[in-house]
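As C-alpha coordinates, the structure follows; a few thoughts come after it.
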Amino acid sequence: MLSIKNISKSFTQRGTVLDNLCLEVEMGDTIAIMGPSGSGKTTLMNIIGLLDKPDTGDILFKGGSISNFSESESAAYRNMNIGFVFQDHLLLPYMNIYQNIFLPLLAAKHSNIQYSDKRLYINELMIQSGIYDLKNKFPSQISGGEAQRVALVRALVNKPSVLLADEPTGSLDAKNAESMGELLLEMNREYSITLILATHSNDIANKMSKKLHLVDGKLVL
(Lines give C-alpha, C1' and ligand atoms only; values in the text may rest on other atoms or scores of the structure.)
Protein backbone atom coordinates (compact mmCIF):
# COMPACT_ATOMS: atom_id res chain seq x y z
CA MET A 1 0.00 0.00 0.00
CA LEU A 2 2.81 2.40 0.91
CA SER A 3 6.33 2.21 -0.46
CA ILE A 4 9.19 4.45 0.68
CA LYS A 5 12.02 4.22 -1.83
CA ASN A 6 15.53 5.48 -1.02
CA ILE A 7 14.46 8.73 0.60
CA SER A 8 17.07 11.06 2.08
CA LYS A 9 16.61 14.19 4.15
CA SER A 10 19.18 16.64 5.53
CA PHE A 11 18.99 19.76 7.65
CA THR A 12 21.57 22.53 7.85
CA GLN A 13 22.19 22.22 11.60
CA ARG A 14 21.56 18.48 12.00
CA GLY A 15 23.16 17.12 8.84
CA THR A 16 21.77 13.97 7.21
CA VAL A 17 18.81 12.56 9.15
CA LEU A 18 17.43 10.03 6.67
CA ASP A 19 19.87 8.30 4.30
CA ASN A 20 18.47 6.26 1.40
CA LEU A 21 15.80 4.91 3.72
CA CYS A 22 13.39 2.26 2.42
CA LEU A 23 10.13 0.97 3.92
CA GLU A 24 7.39 -1.27 2.56
CA VAL A 25 4.00 -1.08 4.27
CA GLU A 26 1.19 -3.55 3.62
CA MET A 27 -2.46 -2.80 4.28
CA GLY A 28 -3.33 -3.55 7.91
CA ASP A 29 0.30 -3.58 9.10
CA THR A 30 1.23 -2.47 12.61
CA ILE A 31 4.77 -1.07 12.50
CA ALA A 32 6.82 0.33 15.38
CA ILE A 33 9.73 2.62 14.51
CA MET A 34 12.21 2.99 17.36
CA GLY A 35 15.23 5.20 17.84
CA PRO A 36 16.63 7.84 20.20
CA SER A 37 15.56 11.46 20.14
CA GLY A 38 16.97 13.17 17.06
CA SER A 39 17.29 9.95 15.06
CA GLY A 40 14.71 11.09 12.51
CA LYS A 41 11.52 9.33 13.57
CA THR A 42 9.38 12.47 13.43
CA THR A 43 10.99 13.54 10.15
CA LEU A 44 10.06 10.17 8.63
CA MET A 45 6.49 10.41 9.91
CA ASN A 46 6.15 13.94 8.53
CA ILE A 47 7.41 12.81 5.12
CA ILE A 48 4.96 9.88 5.02
CA GLY A 49 2.17 12.33 5.89
CA LEU A 50 3.43 14.88 3.32
CA LEU A 51 3.99 17.48 6.01
CA ASP A 52 7.57 17.56 4.74
CA LYS A 53 9.32 16.45 1.55
CA PRO A 54 12.43 14.29 1.11
CA ASP A 55 15.48 15.74 -0.62
CA THR A 56 15.70 12.66 -2.83
CA GLY A 57 13.81 9.41 -3.28
CA ASP A 58 10.18 8.56 -3.93
CA ILE A 59 7.01 7.74 -2.02
CA LEU A 60 4.37 5.54 -3.59
CA PHE A 61 0.84 5.28 -2.21
CA LYS A 62 -1.31 2.53 -3.69
CA GLY A 63 1.05 2.36 -6.65
CA GLY A 64 1.18 6.07 -7.51
CA SER A 65 3.96 8.52 -6.70
CA ILE A 66 2.99 11.26 -4.24
CA SER A 67 6.44 12.82 -3.72
CA ASN A 68 5.85 15.82 -5.95
CA PHE A 69 2.31 16.66 -4.90
CA SER A 70 1.46 20.35 -4.68
CA GLU A 71 0.35 21.82 -1.34
CA SER A 72 -3.32 21.40 -2.26
CA GLU A 73 -2.76 17.83 -3.47
CA SER A 74 -0.84 17.03 -0.29
CA ALA A 75 -3.65 18.46 1.85
CA ALA A 76 -6.22 16.36 -0.03
CA TYR A 77 -4.05 13.24 0.38
CA ARG A 78 -3.79 13.82 4.13
CA ASN A 79 -7.48 14.54 4.54
CA MET A 80 -8.54 11.41 2.66
CA ASN A 81 -5.88 8.91 3.74
CA ILE A 82 -3.87 9.93 6.80
CA GLY A 83 -4.70 10.26 10.49
CA PHE A 84 -2.20 11.86 12.89
CA VAL A 85 -1.73 11.34 16.62
CA PHE A 86 1.09 13.30 18.28
CA GLN A 87 2.68 13.23 21.74
CA ASP A 88 0.87 16.49 22.49
CA HIS A 89 -2.85 15.95 21.91
CA LEU A 90 -3.24 19.46 20.39
CA LEU A 91 -6.88 19.82 21.45
CA LEU A 92 -8.36 23.29 21.11
CA PRO A 93 -9.10 24.58 24.63
CA TYR A 94 -12.16 26.66 23.66
CA MET A 95 -13.98 23.73 22.04
CA ASN A 96 -15.58 20.87 23.91
CA ILE A 97 -14.50 17.30 23.28
CA TYR A 98 -17.15 16.56 20.67
CA GLN A 99 -16.38 19.77 18.78
CA ASN A 100 -12.65 18.93 18.79
CA ILE A 101 -13.38 15.52 17.30
CA PHE A 102 -15.78 16.88 14.69
CA LEU A 103 -13.37 19.62 13.53
CA PRO A 104 -11.51 17.62 10.80
CA LEU A 105 -14.81 16.95 9.03
CA LEU A 106 -15.19 20.65 8.32
CA ALA A 107 -12.18 20.53 5.98
CA ALA A 108 -14.13 18.32 3.56
CA LYS A 109 -17.43 19.08 1.91
CA HIS A 110 -20.10 16.63 3.00
CA SER A 111 -23.82 16.39 2.36
CA ASN A 112 -26.24 16.46 5.29
CA ILE A 113 -26.64 12.69 4.97
CA GLN A 114 -22.88 12.21 5.07
CA TYR A 115 -22.60 14.43 8.15
CA SER A 116 -25.33 12.37 9.80
CA ASP A 117 -23.42 9.17 9.05
CA LYS A 118 -20.21 10.73 10.37
CA ARG A 119 -21.92 11.71 13.63
CA LEU A 120 -23.00 8.09 14.12
CA TYR A 121 -19.45 6.96 13.41
CA ILE A 122 -18.04 9.49 15.90
CA ASN A 123 -20.43 8.21 18.56
CA GLU A 124 -19.35 4.64 17.80
CA LEU A 125 -15.66 5.56 18.12
CA MET A 126 -16.24 7.52 21.34
CA ILE A 127 -18.13 4.64 22.93
CA GLN A 128 -15.47 2.12 21.85
CA SER A 129 -12.65 4.27 23.24
CA GLY A 130 -14.48 4.98 26.49
CA ILE A 131 -14.79 8.76 26.11
CA TYR A 132 -18.45 9.18 25.13
CA ASP A 133 -19.37 10.56 28.54
CA LEU A 134 -16.74 13.29 28.12
CA LYS A 135 -18.26 14.78 24.98
CA ASN A 136 -19.49 18.00 26.63
CA LYS A 137 -16.38 18.58 28.71
CA PHE A 138 -13.48 20.82 27.71
CA PRO A 139 -9.82 19.72 27.40
CA SER A 140 -8.90 21.36 30.72
CA GLN A 141 -11.49 19.14 32.45
CA ILE A 142 -10.10 15.75 31.38
CA SER A 143 -6.93 13.77 32.11
CA GLY A 144 -3.91 13.36 29.85
CA GLY A 145 -4.85 9.77 29.05
CA GLU A 146 -8.39 10.82 28.15
CA ALA A 147 -7.06 13.66 25.99
CA GLN A 148 -4.93 11.21 23.99
CA ARG A 149 -7.99 9.02 23.43
CA VAL A 150 -9.83 12.09 22.14
CA ALA A 151 -6.90 12.83 19.82
CA LEU A 152 -7.03 9.25 18.52
CA VAL A 153 -10.76 9.41 17.80
CA ARG A 154 -10.27 12.79 16.08
CA ALA A 155 -7.59 11.20 13.88
CA LEU A 156 -10.01 8.46 12.82
CA VAL A 157 -13.12 10.49 11.91
CA ASN A 158 -12.25 10.66 8.20
CA LYS A 159 -11.61 6.88 8.12
CA PRO A 160 -7.95 7.13 7.11
CA SER A 161 -6.06 4.27 5.47
CA VAL A 162 -2.97 5.00 7.57
CA LEU A 163 -2.68 6.20 11.16
CA LEU A 164 0.64 7.89 12.00
CA ALA A 165 1.21 7.96 15.75
CA ASP A 166 4.30 9.94 16.84
CA GLU A 167 5.18 9.10 20.46
CA PRO A 168 1.48 8.92 21.42
CA THR A 169 2.29 7.51 24.86
CA GLY A 170 5.33 9.70 25.56
CA SER A 171 3.53 12.00 27.99
CA LEU A 172 1.48 9.26 29.71
CA ASP A 173 2.12 7.21 32.83
CA ALA A 174 2.68 3.46 32.49
CA LYS A 175 -0.96 2.48 33.00
CA ASN A 176 -2.34 4.99 30.48
CA ALA A 177 0.47 4.18 28.04
CA GLU A 178 -0.45 0.51 28.09
CA SER A 179 -4.13 1.37 27.68
CA MET A 180 -3.35 3.64 24.71
CA GLY A 181 -1.28 0.92 23.07
CA GLU A 182 -4.10 -1.57 23.39
CA LEU A 183 -6.60 0.94 22.00
CA LEU A 184 -4.41 1.62 18.95
CA LEU A 185 -4.26 -2.10 18.20
CA GLU A 186 -7.99 -2.45 18.76
CA MET A 187 -8.67 0.28 16.21
CA ASN A 188 -6.28 -1.43 13.79
CA ARG A 189 -8.17 -4.72 14.11
CA GLU A 190 -11.66 -3.23 14.14
CA TYR A 191 -11.28 -0.80 11.23
CA SER A 192 -8.36 -2.34 9.26
CA ILE A 193 -6.34 0.85 9.65
CA THR A 194 -2.63 0.56 8.95
CA LEU A 195 -0.68 1.74 11.99
CA ILE A 196 2.81 3.27 11.89
CA LEU A 197 4.03 4.17 15.36
CA ALA A 198 7.16 6.09 16.37
CA THR A 199 8.03 5.27 19.96
CA HIS A 200 10.71 4.95 22.64
CA SER A 201 8.67 2.27 24.43
CA ASN A 202 9.72 -1.34 24.00
CA ASP A 203 6.48 -2.42 25.66
CA ILE A 204 4.27 -0.88 23.00
CA ALA A 205 6.70 -1.70 20.16
CA ASN A 206 6.65 -5.39 21.07
CA LYS A 207 2.89 -5.45 20.48
CA MET A 208 3.27 -4.41 16.83
CA SER A 209 3.63 -6.92 14.00
CA LYS A 210 6.92 -5.29 12.91
CA LYS A 211 9.53 -3.53 15.04
CA LEU A 212 12.16 -1.48 13.19
CA HIS A 213 15.02 0.68 14.46
CA LEU A 214 16.12 3.93 12.84
CA VAL A 215 19.94 3.78 12.86
CA ASP A 216 22.22 6.13 10.91
CA GLY A 217 19.32 7.25 8.75
CA LYS A 218 18.17 3.75 7.79
CA LEU A 219 15.59 1.31 9.11
CA VAL A 220 16.96 -1.99 10.41
CA LEU A 221 15.41 -4.92 12.27
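The values are calculated or read from the model by the stated rules, or taken from the named source; none is laboratory data. Here the structure is a predicted model, which means the values were calculated and not measured. Using ideal geometry, Cβ is built from the backbone for each residue, glycine included, and neighbour counts are taken over all protein chains shown. Quick note on the areas: whole protein, heavy atoms, side chains included, nothing else; ligands and nucleic acids left out. Shrake-Rupley method; radii C 1.70, N 1.55, O 1.52, S 1.80 Å.
Considering segment 44-62 alone, what residues qualify as being open to solvent by 10 Å² or more (accessible area, probe 1.4 Å), more than 15 Å from PRO168 (Cα to Cα) and not in a strand (DSSP E or B)?
LEU50, LEU51, ASP52, LYS53, PRO54, ASP55, LYS62
Inside segment 86-110, can you point out the residues that are open to solvent by less than 70 Å² (accessible area, probe 1.4 Å) and farther than 28 Å from MET1 by Cβ? I'd like the intermediate steps shown before the answer.
First, pick out the residues of segment 86-110 that are open to solvent by less than 70 Å² (accessible area, probe 1.4 Å): 86, 89, 91-92, 95-98, 100-105, 108, 110.
Of everything in segment 86-110, those that are open to solvent by less than 70 Å² (accessible area, probe 1.4 Å) and farther than 28 Å from MET1 by Cβ turn out to be LEU91, LEU92, MET95, ASN96, ILE97, TYR98, ASN100.
Just give me the residues in segment 48-78 being on the phi > 0 side of the Ramachandran plot and of a type in the set (A, V, I, L, M, F, W, C), in sequence order. Quick ask: steps written out before the conclusion?
Keep residues of segment 48-78 that are on the phi > 0 side of the Ramachandran plot, which gives 50, 57, 62-63.
Correct list: LEU50 only.
Taking the residues in segment 119-129 that are surrounded by fewer than 18 Cβ atoms within 10 Å (Cβ to Cβ) and touching a Phe, Trp or Tyr at 6+ places or on another chain (Cβ under 9 Å) as candidates, determine which candidate is farthest from SER179 (Cα to Cα).
Across segment 119-129, the extreme among qualifying residues is ARG119.
Output the residues belonging to segment 69-85 that are open to solvent by 50 Å² or more (accessible area, probe 1.4 Å) and in a helix (DSSP H, G or I).
Hits for segment 69-85 are GLU71, SER72, GLU73, ARG78, MET80.
Just to verify a result, which residue in segment 20-41, among those that are surrounded by 15 or more Cβ atoms within 10 Å (Cβ to Cβ) and either among the basic types (Lys, Arg) or over 19 Å from the mean Cα position of the chain (by Cα) (or both), is modelled with the lowest pLDDT?
LYS41
Can TYR115 be described as in contact (Cβ under 8 Å) with a residue 24 or more places away in the chain and of a type in the set (Ser, Thr, Tyr)? Explain how you work it out, then say what you get.
Values: in contact (Cβ under 8 Å) with a residue 24 or more places away in the chain: no; of a type in the set (Ser, Thr, Tyr): yes.
So TYR115 does not fit the description; no.
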